[in-house]
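Note sheet for the following structure.
Every number in this text was worked out from the coordinates using simple rules, so none of it is lab data. Quick caveat: nothing in here was measured; it's all calculated off a predicted structure. When we count neighbours, we look across all protein chains shown, and the Cβ atoms used for this are built from the backbone with ideal geometry, even at glycine.
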Amino acid sequence: MPEFPNILVQAVPGFILLIVVEVIFAIKTQRELYEVKDAATSISLGLGNLFTGILTKTLILAVYSFIYELRLFTIPYSAWWAWAICFFADDFSYYWFHRVSHSVRWFWASHVVHHSSERYNLAAALRQTWTGNLTGAFLFWIWMPFAGFHPGMIMTMQAISLLYQFWIHTEAIDKMPRWYEFIFNTPSHHRVHHGSDLLYLDKNHAGTLIIWDRLFGTFQAEQHRPKYGLTKNVNTFNPVRVAFHEWMNIGKDLRKAKTFKDVWNYLFNSPGWSHDGSSKTTRQLRKEQH
């Protein structure tokens with residue numbers, strides 16, 4: 001098997017440097033972009049994600065490798081055009097993974113960690129799940145080794161996507177050039193995604209290319225500065241509680257379930273679904289507004 005570099009680990013010094021630059025920017029412009037405890041929580045969750053990734057990505061690589069042996073085609077990882085196709089295939093897969101992570105509570109329970117900060121800064125980009133790999137996020141890419149993409153190629157492209165998404169977690173950049181805003185995910189587009197305002201909920205699921213949101217009807221332009229965080233914030237800086245709080249909430253809701261249908265809905269319906277209407281999904285909230 002060919003060697004593919006672990007670019008996320010290699011990028012850690014760069015992440016730290018850019019966070020320091022953003023902190024200096026915040027101090028000089030007197031903007032409250034950072035809160036020490038919040039940033040420490042984000043960095044702790046990022047380090048935990050790197051650690052759990054070391055343990056789980058070996059298993060995922062094994063699964064992808066098994067599927068690759070059953071591939072329909074062989075796409076040469078040494079060809080430049082193969083990497084170009086892989087880029088679009090990965091970004092398309094990421095869009096649907098990300099969109100489903102906002103519409104299916106099972107996946108939201110892991111992804112919610114990334115949205116739990118009430119600040120929007122480069123440190124918040126590091127606020128990542130500890131449970132996503134274990135609970136099936138990798139399944140959204142499983143078609144790629146079957147189609148003929150080498151497993152190492154897929155995981156490298158996933159890392160490149162995450163690397164791109166780091167810099168868009170900032171308020172230091174207002175807008176990119178119009179042509180760039182039309183094609184690519186940007187700080188402006190991703191600020192919308194992190195907003196808990198009803199207008200912004202479940203919008204802009206892009207990884208690198210915003211064209212998927214425009215194509216599939218989930219695009220929302222930034223109209224005002226978002227209110228960051230969750231519709232019901234976790235109110236803790238304890239990284240362990242942040243990492244597992246939604247799984248604990250699911251456990252509490254399952255104990256309230258009266259039927260198998262309730263159990264299913266608490267696990268796989270949209271976040272906010274409740275059998276008694278005590279909490280609402282984004283769709284229900286928007287319906288009430290109109």
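Rounded, prolate or oblate: pick one for the stretch 120-259, where a ≥ b ≥ c are the square roots of the eigenvalues of its C-alpha gyration tensor, a/c under 1.5 means rounded, and failing that, prolate if a/b is larger than b/c, else oblate.
oblate
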Inset, instruction - For an R0 of 30 angstrom, estimate the FRET efficiency from the Cβ-Cβ distance between residue 66 and residue 257 and round to the nearest 0.05. - result: 0.25
Inset, instruction - List, in order, the whole-Hz ³J(HN,Hα) value for each residue of the stretch 47-52 obtained from phi through the Karplus relation with A = 6.51, B = -1.76, C = 1.60 and θ = phi - 60°; use x for Gly and Pro. - result: 5, x, 5, 4, 5, 5
Inset, instruction - Check the straight Cα-Cα distances from residue 252 and name the lysines below 19 Å, setting aside those fewer than 8 residues away within the same chain. - result: 232, 261, 280
Legend entry - Relative packing of 138-149, 173-184, which averages over residues the other C-beta atoms within 10 Å, highest first: 138-149, 173-184
Inset, instruction - Please list 242-248, 217-223, 77-83 highest first by mean number of surrounding beta-carbon atoms within 10 Å per residue. - result: 242-248, 217-223, 77-83
